Amino acid sequence: DRERASKLYHVLAYFTSKASSYLWWYCLIVPAIYVAIVYPLIGFQASISKFMTFYLCTAASTAAASAVSLICLSITSTFASGISLAAIFITVLQMYAGFLQRRDAIPSGLRWLTDVSPFAHAFAAMISSEFTGLETTVDATGFDALTIDGGIWPKQFSVDPTKLEHNVQMLALVACFAWILALIPLWLQWYRVKKGLRAIIYRKDPGCSTSLEAPSWVSARTKGSAALVWKDLHAMLPNSSTLYDGMNGIVQALRPLAVLGPSGCGKTTLLSCLAGEVTRTKCDVTVYLNRHRIARSKLRRTVGYVRQDDALHPELTVSEAISFAVALRMPHSSRKVCQERVRWTIGRLGLEGVANSKVGGHKFRGISGGERRRTAVGVTWSWSGE
């Protein structure tokens, strides 16, 4: 979660990997097991083509319902509200799918729900497949035997049995479109907006602005040197208590700055606000870097932040941990440039002797505590430069 909040993973790559890992099991394997058990128990026709049609309709309906749930979760602020909205929306799509009432009995103003409902196309395809070719013979005493063609039954639901392939294609199209539509709120990060209608109030974070100069007191104190300056820092905790109210500060280049205070006074929260980290604390601050105003969304890619807890993989060596960070943060750099950056970082931090040693963790001992801390600094320092 912390790596995703720091934008180490692209939204499209993350969405594709999560969708592919979900779809193959919950929308392919699980429906296959369900259909293999239910199909013969219901007593449908023993035909491979009809069995595959039933399976494809079940799998596509499951995929479409999953996409609808993902859309509802992406446009709401909490999991409970998203699941509730998804349940309501899926219920409405099922109500107007055509099997609870005939399509021509649905009000004209709501018939578009039948066209977009994946359950409507799945139902039409299933009954068209199962009843086509089925003949029922009615033989009553004293009367001639009567043979009824199965194609008459889909027509009772206003379904044309000759449009089987069309309904299957429409079902697949609706399912694919639903998943594409689910990517939009994730791409626009509507889930980060906490109030109001997300689709209306969403605004893209502005980038770095080079036209806005820092206030006069900033320029006078920095005297032309590089500095990180923050002004009017306001922070509110999740319990609505105010932590900072109009706080100003400056960090000059090549000069250490220590933040001192008792436990729980807000030291880590201050650093998280200045580094642009995504936390539960509501933060509002104006930040200047090198006398130019910079948006908080850009701070995560500009300011290096070494946290209290080292997030290092115990199985990686010191060199591999730093190389992994460089590869993530400098994806467009050549292999030679990345290797030089790794060697430079290891040399500056004095980690040459343990470059090929594993970091270690609770299960097995690796490098020492000081070397581990320097490695954590190197993971951030390697891409942020000097």
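Mean residue ellipticity at 222 nm from the helices of the chain, using -39,500 (n - 2.57) per DSSP H segment of n ≥ 4 over the full residue count, to the nearest 500 deg cm²/dmol?
My calculation for the chain gives -15000 deg cm²/dmol from helical runs alone.
Given labels modelled 7 Å from the Cα in the Cβ direction, how far is it in nm from residue 279 to residue 365?
3.4
Can you give the charge dipole size of segment 291-374 about its Cα centre, rounded to the nearest 20 debye, using +1 on the beta carbon of Lys and Arg and -1 on the beta carbon of Asp and Glu? All intermediate terms of the calculation are to be shown ahead of the outcome.
On the way: 19 positive and 7 negative charges, 120 e Å.
The calculation lands at about 580 debye.
For residue 108 and residue 143, compute 0.36 nm times the residue count separating them, minus their Cα-Cα distance, and round to one decimal in nm. Mind dumping the intermediate values first?
Values: separation 35, 0.36 × 35 = 12.60 nm, distance 4.29 nm.
Additional length available on full extension: 8.3 nm.
Within the accessible area of segment 222-290, what % is carbon and sulfur when the probe is 1.4 Å and the other protein chains stay in place? Each step should come with its number before you reach the end.
Working: 2200 of 4040 Å².
Carbon plus sulfur share of accessible area: 54 percent.
Arrange the peptides 73-80, 94-101 so that the one whose residues have, on average, the most other Cβ atoms within 10 Å appears first. All intermediate terms of the calculation are to be shown ahead of the outcome.
Numbers: 73-80: 15.1, 94-101: 18.1.
Highest mean packing first, the order is 94-101, 73-80.
Taking θ as phi - 60°, what are the ³J(HN,Hα) couplings along segment 344-355 by the Karplus curve (6.51, -1.76, 1.60), each to the nearest whole Hz, with x for Gly and Pro?
Result, ordered by residue: 5, 5, 5, x, 5, 9, x, 10, 4, x, 10, 4 Hz.
Placing +1 at every Lys and Arg Cβ and -1 at every Asp and Glu Cβ, with all other atoms neutral, what dipole size does the chain have around its Cα centre, in debye to the nearest 20?
Values: 42 positive and 25 negative charges, 536 e Å.
Roughly 2580 debye, rounded to the nearest 20.
What ranking, highest mean first, results for peptides 143-155, 57-69 when packing means the other Cβ atoms within 10 Å averaged over each residue? Can you show the working numbers first?
On the way: 143-155: 12.6, 57-69: 22.8.
The peptides rank, most packed first, as 57-69, 143-155.
Rounded to the nearest 10 degrees, what's the angle between the helix 30-42 long axis and the longest principal axis of the chain, both from Cα atoms, 0 to 90?
Long axis of 30-42 versus the principal axis of the chain: about 20 degrees.
Hey, can you find the accessible area per residue of the chain for me, probe 1.4 Å, expressed in square angstrom? If you can, show how the numbers build up before the last one.
On the way: 23320 Å² over 386 residues.
Per-residue value: 60 Å².
In this model, which of 267/363; 50/155; 336/363 are farther than 26 Å apart at the alpha-carbon?
Numbers: 267/363 31 Å; 50/155 19 Å; 336/363 34 Å.
Those over the limit are 267/363; 336/363.
Report the full-extension gain for the segment residue 343 to residue 18: residue separation times 0.36 nm, less the Cα-Cα distance, to one decimal in nm.
Working: separation 325, 0.36 × 325 = 117.00 nm, distance 3.44 nm.
Answer, rounded to one decimal: 113.6 nm.
Please list, in chain and number order, the residues 5+ apart from residue 282 or on another chain whose amide H is under 5 Å from its amide H, with Hs placed from the backbone.
236
Run the dipole for segment 96-159 about the Cα centre, Lys and Arg Cβ at +1, Asp and Glu Cβ at -1, nothing else charged, and hand back the magnitude in debye, nearest 20. Intermediate results must be reported in sequence, preceding the final value.
On the way: 4 positive and 7 negative charges, 85 e Å.
Here the size comes out at about 400 debye.
What ranking do 37-45, 309-317 get when scored by the average of other Cβ atoms within 10 Å per residue, highest first?
Numbers: 37-45: 11.4, 309-317: 14.7.
The packing order, highest mean first, is 309-317, 37-45.
The values are calculated or read from the model by the stated rules, or taken from the named source; none is laboratory data. The structure displayed is predicted, hence computed values, not measured ones. Cβ coordinates were reconstructed from backbone atoms using ideal geometry, including for glycine residues, and neighbour counts include every protein chain displayed. Only protein heavy atoms, including side chains, enter the accessible area calculation; ligands, DNA and RNA are left aside. Shrake-Rupley method; radii C 1.70, N 1.55, O 1.52, S 1.80 Å.
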